[in-house]
Structures are given as C-alpha cells and as structure tokens.
1. I'm told ILE106 meets every condition in (1) under 17 Å from the mean Cα position of the chain (by Cα); (2) crowded, with 20+ Cβ neighbours inside 10 Å; (3) under 30 Å from ASP243 (Cβ atoms) except one. Can you identify the failing condition by its number?
2. Report yes if ASP566 is closer than 25 Å to HIS325 by Cα, part of a loop (DSSP other than H, G, I, E, B), touching a residue at least 24 places away in the same chain (Cβ under 8 Å) and touching a Phe, Trp or Tyr at 6+ places or on another chain (Cβ under 6 Å), otherwise no.
3. For region 99-130, how many residues meet the condition of being within 20 Å of PHE174 (Cβ to Cβ) and of a type in the set (Gly, Ala, Ser)?
4. Could we say that LYS394 is surrounded by fewer than 19 Cβ atoms within 10 Å (Cβ to Cβ), modelled with pLDDT of 95 or more and in contact with a Phe, Trp or Tyr (Cβ under 8 Å, 6 or more places away or on another chain) here?
5. I'm checking my understanding of the structure. Among residues of region 159-178 that are in contact (Cβ under 8 Å) with a residue 12 or more places away in the chain and among the small types (Gly, Ala, Ser), which one is nearest to ALA517 (Cα to Cα)?
6. State which residue is farthest from PRO414 (Cα to Cα) when the search covers only region 313-358 and only residues that are surrounded by fewer than 20 Cβ atoms within 10 Å (Cβ to Cβ) and among the aliphatic types (A, V, I, L, M).
7. Condition first: surrounded by fewer than 19 Cβ atoms within 10 Å (Cβ to Cβ), farther than 23 Å from VAL118 by Cα and among the basic types (Lys, Arg). Now tell me which residues in region 471-524 satisfy that.
8. From the set of residues in region 109-140 that are more than 18 Å from SER273 (Cβ to Cβ) and basic (Lys, Arg), which is farthest from the chain's Cα centre (by Cα)?
Amino acid sequence: MASLIPAQGPTLVTDKALILNRRNLLAAGSAGALTALLAACGGGTSKQSSGAGSKNALGVTLPAGSAPASDQYYVQPFDSTGVTYKAMDFYETVYSRAPLADQFTIPLVRLTKNYGIVPAAATSWEQSSDGKSWTFHLRKGINWSDGAELTAADFVETLRYSADPKHAWDFAWFWSGVIKNYTEAVAGKVPTSEIGVRQGADKYTLVFESDAPVAFMPSACLYTTPLSAAALHKHGSGQYNIDPATSVTCGDYALKTFEPTSTVVLEPNKKYSGPIKPPIAGLVAKIYAGGDMLPRFQTGEVDTINAGPIDVKAASRNSQLKKLHLYKNPQDFKIWYVFFDVTKSPFDKLEVRQAFAHSVDRDPLVNNILAPLASPAYGYLMPGYPFAIGDELKQYTNYDPTKAKSLLAQAGYPNGQGFPAVTFDWFPNAAASSDSVVQALVENWNKVLGINIKLQQIDQTTFYDRMNKKPTEITMGMVSYGMDYFDASNMLSVYKSNGRHNWNNKQYDDLLAQGAAESDKTKRQEIYTKAQVLLTQQAPAVFIFHPLYGYYYGPYMQGAALTKNDLGYDGIQWPGFSPTSDSMDTLHVASNVSDSKRQPQTLLGS
C-alpha cells in the first residue's frame with residue numbers, strides 16, 4: 001500500500017551514524033557506526049520498567065515481561081507508492097483499503113498461526129444435513145460504539161451491500177457461486193434481499209445458503225468483517241469509517257486520525273466488549289511515498305519493517321547486522337503471475353500462451369533477483385498450501401526455448417514473424433522487486449520468441465480498476481494473489497468462470513464444484529490435482545514465483561505471535577495483526593523497550 005510523505009509527517013533522524021543507506025550499510029565497519037546501529041536496534045543499558053500485571057487502556061492485564069501500559073502501542077510503516085487509500089473496511093473496497101483497515105469489526109471466525117479456524121463473533125456453527133446451508137451462532141453482548149449490539153443483521157446487511165451492483169464491490173467474485181443468488185444479485189438480475197444470507201431463529205443466529213454443498217464455508221467466513229447495519233443505512237456506504245466523527249466500531253480500536261497521505265492512528269475503543277483482548281492498545285500507521293524503510297526502523301521510528309531481498313543481502317555482508325534475526329513466512333501463500341486476456345489475439349491461441357510459459361527461466365530469475373525470499377512457481381499453489389502439487393506440473397511450464405519456439409510457430413508466428421504489438425502492464429511493488437522481474441521476463445520473451453513486448457508502468461489503483469473492468473482493459477499484466485482462507489477451493493477459484501479473469505472453462509468449474517462439495521480429503525486431493533493440471537496445461541497465465549516475506553522487529557516486540565508455527569515459519573503470520581488473526585492475543589511491547597532507541601509516540605495522545 002502507498003502514499004506521500006506528508007508535510008506534517010514524522011521527522012527522520014539525520015544522524016549519519018544512525019541512518020545507514022544501502023551503500024554505507026555494507027561499509028559500516030567502524031565501531032562508532034556499529035555501536036549506534038545496535039543501540040538503535042536495542043543495545044542500550046537503560047533501566048527496564050515493568051508493566052506486568054497492570055492493565056492497559058483496554059482493561060487487558062499485561063503479561064510477564066511487559067513494558068508499562070504507556071508503551072503498549074505498535075507502529076508500522078506503509079509505502080503508498082501508486083495507491084490511493086479510500087476506505088478502512090474490506091466490504092467497502094479490498095484493493096484500496098488504507099493501512100490498519102478492518103480493525104473496527106469482528107469476523108465470525110479467526111485464523112490461528114497454524115491456519116486453524118477458531119470462533120470469533122460466532123461461538124459455534126453447523127452444516128445442514130443436505131450440505132446446502134450453514135448456521136452460525138453469534139456471541140451475545142458485543143456492542144458497537146454507538147450502543148447497538150452486533151447481531152445477524154449487521155452481517156446480512158454487509159453482505160447485501162457487497163452484492164449491490166451500484167456498489168460495484170471490487171471483490172464480488174469471492175462469494176460468487178458460494179452464496180445462493182449472489183452472482184445474480186451482482187448482475188442486477190435479482191434484488192440483494194434474495195441472496196442466501198439471512199437471520200435464523202433469532203438475532204444471534206446467522207444462516208448462509210448455497211445451491212450446492214459447500215464444505216469450506218467456515219474457512220471462507222474469515223472474510224465476514226461486518227459493517228454496522230445502522231451506520232450503513234444512515235450514510236449509504238462504508239465511507240463513514242474514514243471520519244472519526246462518524247466512525248463506528250465494535251473492535252478493539254477506534255479511529256483517531258485518518259490522513260491517508262501521512263498517518264492513520266487507532267486509539268483504544270473504551271466501549272469494547274468483544275472476545276479479543278490484545279495487550280497492544282494503540283496502533284499507528286506511518287505512510288511514506290517510497291524511500292528506504294531500513295533507516296526508519298534503525299532509528300526507532302517504526303517497530304517493524306518488511307525486509308526485501310536487498311535489505312537481507314546487505315545485512316548478510318555485515319558482521320553485526322547478520323546477527324539480527326530475520327523472521328520469514330509465506331503470509332498468504334501468494335503467487336505472482338502474468339495473466340492474459342484470452343479473448344483477444346494473440347492470447348486467444350493456446351499455443352501462444354504455452355509458448356510464453358515455456359519461455360520463463362524461473363530459477364536464475366529467483367536466484368539473481370529475489371533470493372532468499374522466493375521460490376520458482378510451476379503451478380498456482382505454493383508448496384505447503386492444502387492440496388498443492390508441484391513436480392507433476394513442471395512438464396507444462398518448464399523452461400524449454402526449443403519447445404516455446406515450436407509452439408509459437410504452430411500458432412502461426414514462426415520466429416515471431418507477424419506477432420502483433422502487445423503491451424505488458426505492471427505496477428511497482430517493492431516486496432516483489434517487480435521492476436527487475438518484469439524487465440527480466442520481457443527481455444527473455446523477446447529474446448527466445450523473437451517478438452517485441454513493450455512494458456507500460458501504471459499505478460496500482462489504476463491497474464486494478466482496469467483489470468477488473470468487464471471486459472478487462474488489460475491484455476497482458478503481472479499481478480499477485482494470496483489466500484483468503486486456507487483451502488485450495490479459495491486460491492483455485494480465482495480462475496473460475498466469470499471470476500477475476502476471463503478464462504472460462506466448464507471442466508475446470510465442474511472440478512471446483514466437486515471439490516467444494518467433497519469432504520473426504522483423499523477424494524478432494526484427486527479432484528484438485530486434476531484442476532491444477534488443467535489450469536497449468538491451458539496456460540491462461542504464466543506462473544512466475546512464490547514470495548516469502550522477511551521481517552525485522554524491534555527486540556522489544558515479543559510474544560507467541562512471533563514464534564514458529566507448525567510449518568516452521570516465524571513472525572506474525574497471515575492475515576497479520578488484525579481481528580481475523582490470533583496474533584493480537586499475545587504480541588506486546590516488552591520491558592526491554594527502555595534499552596532501545598524507540599521514538600516516543602505522541603500521535604495517540606492520552
């Protein structure tokens with residue numbers, strides 16, 4: 001996410017001993033520079049002050065080893081380059097949400113760091129005997145900050161709002177084919193009141209209905225972060241949550257400041273009555289228009305950074321920096337891929353798409369640009385994700401220039417002759433080193449196939465707007481997708497008919513429907529294996545790489561949320577520090593914060 005460094009934004013410390021850019025980072029051999037750097041990362045000798053046993057502003061008793069309540073805030077950096085922040089809620093917009101979004105709500109379920117589904121706003125749920133409905137029982141006594149109680153009506157109205165064609169929600173495909181009549185409502189064929197979401201026997205009972213059995217519904221309900229029905233009716237959209245005067249929350253935090261080019265600040269919701277009890281009582285997002293995040297972390301301006309490959313490589317060459325722990329995890333098991341408009345020439349020809357797939361030399365691309373934070377992608381699903389297969393797919397997408405040239409000739413373009421002009425659209429993304437990746441891809445395609453692909457850089461918001469148009473306005477583009485819930489039905493549904501992209505294949509749709517209805521794990525594996533093979537063979541996209549994410553945290557950020565999960569990954573796992581995750585339960589600022597150079601936080605106030 002992204003923006004501009006504001007006129008009233010945070011001031012960077014300019015002491016050259018502390019602010020080390022990537023060039024002098026490698027040469028920071030002097031004792032003075034290293035001492036200053038380590039002090040900034042927590043190497044001082046100040047007397048520690050404990051807050052263990054006391055309560056924070058949310059009334060939560062702080063765990064052993066905690067700093068005082070006044071230190072229990074969490075400051076995160078965000079890069080706003082190419083992004084316009086429009087909202088604070090998932091059901092208002094997915095791709096233009098501001099930093100710290102989705103904190104004013106409680107979903108039906110949460111995800112543990114081991115990707116297990118546990119209760120949140122719902123206490124229990126069950127599937128009907130025919131498999132076509134799920135009933136969720138809501139926790140009583142969760143109140144909105146306006147005094148109203150969280151009930152089934154809030155979830156019903158939120159999901160109806162998402163299906164309203166006038167709203168034109170940018171993630172409507174997610175519930176398409178899952179909730180009954182949802183696709184028809186989005187298309188304007190039936191009123192939103194007819195979608196399969198309704199109140200059950202009482203206001204604490206919520207029912208989801210589908211046309212066919214949906215085995216994964218509890219997992220999908222991770223994305224049920226409701227808006228307030230009353231506020232939605234009053235204001236007409238979820239935009240009410242970007243103004244502290246009109247914002248309504250049932251989450252741990254309330255909106256204090258919304259300045260999308262500089263800062264978003266969330267203060268404790270003193271009226272909170274929900275089940276999530278975080279030690280962290282205040283959140284601050286500092287928003288920058290690019291620039292190096294490492295100095296901001298070193299000087300204690302922020303509590304964490306997403307460390308990209310350049311940061312990691314720079315640190316590994318320094319005898320002191322390489323001792324810092326690098327937390328690594330896959331977050332949402334993302335895939336970066338290049339998609340095609342398969343309805344337009346030349347990508348309406350299967351052989352052209354397959355030629356592009358066989359012209360990507362993934363291993364050197366990853367090793368030279370992205371290592372150690374990526375792996376080559378030969379299929380859509382990342383290893384470790386449910387039902388993913390790997391080696392079986394390589395034959396359809398491995399690097400084979402001879403085969404690629406032959407396929408292009410079969411399509412009518414021998415040695416690239418007569419191949420039409422094609423523009424490859426992309427947007428900058430530091431975490432994916434996208435500028436280097438797309439340049440390498442285009443260079444190799446042009447070289448192997450004898451064609452002339454041209455690059456066009458556009459901002460992220462415009463990219464998604466154009467991609468999501470029906471019909472799409474992007475012929476060829478690079479984009480990513482990560483899980484919404486931990487099941488193959490989610491990731492693979494990105495390519496279902498009339499979904500995110502315009503590759504429509506009935507056989508694939510039928511396989512997804514079979515997988516969604518099947519509860520036997522072995523049978524589901526067989527079904528999803530067939531779906532992955534078909535998707536890779538048909539090449540509506542070229543799969544490039546799966547990223548890993550590296551993080552540095554101030555040594556005072558502690559808690560079980562940072563320890564390794566069952567897959568061996570550490571750091572805060574997806575979906576991040578939010579009500580949809582159990583990371584909020586344990587992350588806290590430890591008493592050794594007094595040994596660090598953490599900058600005092602005045603944005604939260606008293």
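The values are calculated or read from the model by the stated rules, or taken from the named source; none is laboratory data. Worth saying up front: this structure is predicted, and the values here are computed from it rather than measured. Here Cβ is always computed from backbone atoms with ideal geometry, including for glycine, and neighbour counts include all displayed protein chains.
1. (1) is the only condition that ILE106 fails.
2. Considered against the rule, which asks whether it is closer than 25 Å to HIS325 by Cα, part of a loop (DSSP other than H, G, I, E, B), touching a residue at least 24 places away in the same chain (Cβ under 8 Å) and touching a Phe, Trp or Tyr at 6+ places or on another chain (Cβ under 6 Å), ASP566 comes out as no.
3. Residues that pass the stated criteria total 4.
4. yes
5. The selected residue is GLY177.
6. LEU324
7. Correct list: ARG500, LYS506, LYS523.
8. LYS132
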